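The values are calculated or read from the model by the stated rules, or taken from the named source; none is laboratory data. All of these numbers come straight from a predicted model, not from anything done at the bench. Every residue, glycine as well, gets a Cβ built from its backbone with ideal geometry; the counts of neighbours run over all protein chains shown. Surface accessibility is based on the protein's heavy atoms, side chains included, excluding ligands, DNA and RNA. Shrake-Rupley method; radii C 1.70, N 1.55, O 1.52, S 1.80 Å.
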Amino acid sequence: MSKKPQANTLTKEFERVALYPGSFSPITFGHLNVIKQAAQLADVLHIGVGVNSKKTNPLFTTEERVKMIEADIKSQLAPELKKSGNPCQIKVVSYEGTTVKKMKEIGASILIRGIRDGLDLADEERQRLTNAKLFGKGFVQAYLPPTDVNLIGVSSSITRDLCLLKEDDLLNEYVTKKTKGTLINRMIEQGLRI
């Protein structure tokens, strides 16, 4: 009886692993655009939902944000990536502590950060330099994919503001229908939107 061939460990050694960290509160089309671009760079892409202990009353729990991201990736990106033959594995994880610590934990050498404009670029460049120092010996690459021009103004905070103002038609340009419904319901539950 012949043995089943073992997985090629050499392939795993050269696997491109990336981390795209953020709060994703909520996930927007801007985030999904960055994820789509990052999937072209990595064999394994971790979407890292950061736990920020300074935020005492977040709109969504970490677990809720993870579920929203997973749902939007499944409905919006997975079919497109599969159709294009993109083999990137996308995993959604939560973490506490520094981004660099999480990168080391998952074996990532690529840090994904989205930028919308020159202000984002300047902030990200400062953060990249700090992350490179924290990472120490080894390799850290910060890839800053430009988002589509139609998504330049999209952010989670603006999305929340639009929801508060009941600009529901405009919300359709910022988030998926499922996320929009979750956002509206949460704001109603918390008495933020009447």
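By the scheme Lys and Arg +1, Asp and Glu -1, what is the net charge of all other residues having a beta-carbon under 11 Å from that of Gly118? Here the charged neighbours net out to -4.
Taking every protein chain into account, the 1.4 Å probe leaves Lys178 with about 140 Å² of accessible area, to the nearest ten.
For Glu167, no residue whose modelled amide H falls within less than 5 Å of its own remains once neighbours fewer than 5 places apart on the same chain are excluded. Using C-alpha pairs under 8 Å with a sequence gap of at least 6, the mean separation divided by the residue count of the chain gives a relative contact order of 27 percent.
Rounded to two decimals, what is the ratio between the C-alpha radius of gyration of the range 116-166 and 2.2 N^0.38 Å?
Working: Rg = 15.1 Å, N = 51, 2.2 N^0.38 = 9.8 Å.
Computed over Cα atoms of the range 116-166, the ratio equals 1.54.
Of all DSSP bridge pairs formed entirely within the chain, close to 0 percent run antiparallel. Only helices enter the 222 nm calculation for the chain: every DSSP H run of n ≥ 4 contributes -39,500 (n - 2.57), and dividing by all residues gives -12500 deg cm²/dmol, rounded to 500.
Three semi-axes describe the equivalent ellipsoid of the range 44-194; taken as square roots of 5 times the Cα gyration tensor eigenvalues and ordered largest first, they are 28, 19, 17 Å. At the listed q of 0.17, 0.20, 0.25 Å⁻¹, the Debye profile of the range 80-138, built from one uniform point per Cα, gives log10 I(q)/I(0) equal to -0.76, -0.93, -1.08.
For the range 108-189, relative contact order (Cα pairs under 8 Å, six or more residues apart, normalised by length) works out to 30 percent. Dipole magnitude for the chain: computed about the Cα centre from +1 point charges on Lys and Arg Cβ and -1 point charges on Asp and Glu Cβ, it is near 720 debye. Compared with the dominant principal axis of the Cα atoms in the chain, helix 118-135 is inclined by about 40°.
For the chain, the solvent-accessible area works out to 61 Å² per residue, with a probe of 1.4 Å and every protein chain left in place.
Across the range 67-72, computed HN-Hα scalar couplings (Karplus, 6.51 cos²θ - 1.76 cosθ + 1.60, θ = phi - 60°) run 5, 5, 5, 4, 5, 5 Hz from first to last residue, x flagging Gly and Pro.
The distance from the alpha carbon centre of the range 101-117 to that of the range 33-99 is 12 Å, rounded to a whole number. Scalar couplings 3J(HN,Hα) for the range 76-85, obtained by applying the Karplus form with A = 6.51, B = -1.76, C = 1.60 to θ = phi - 60°, are 9, 9, 3, x, 5, 5, 5, 4, 7, x Hz; x denotes Gly and Pro.
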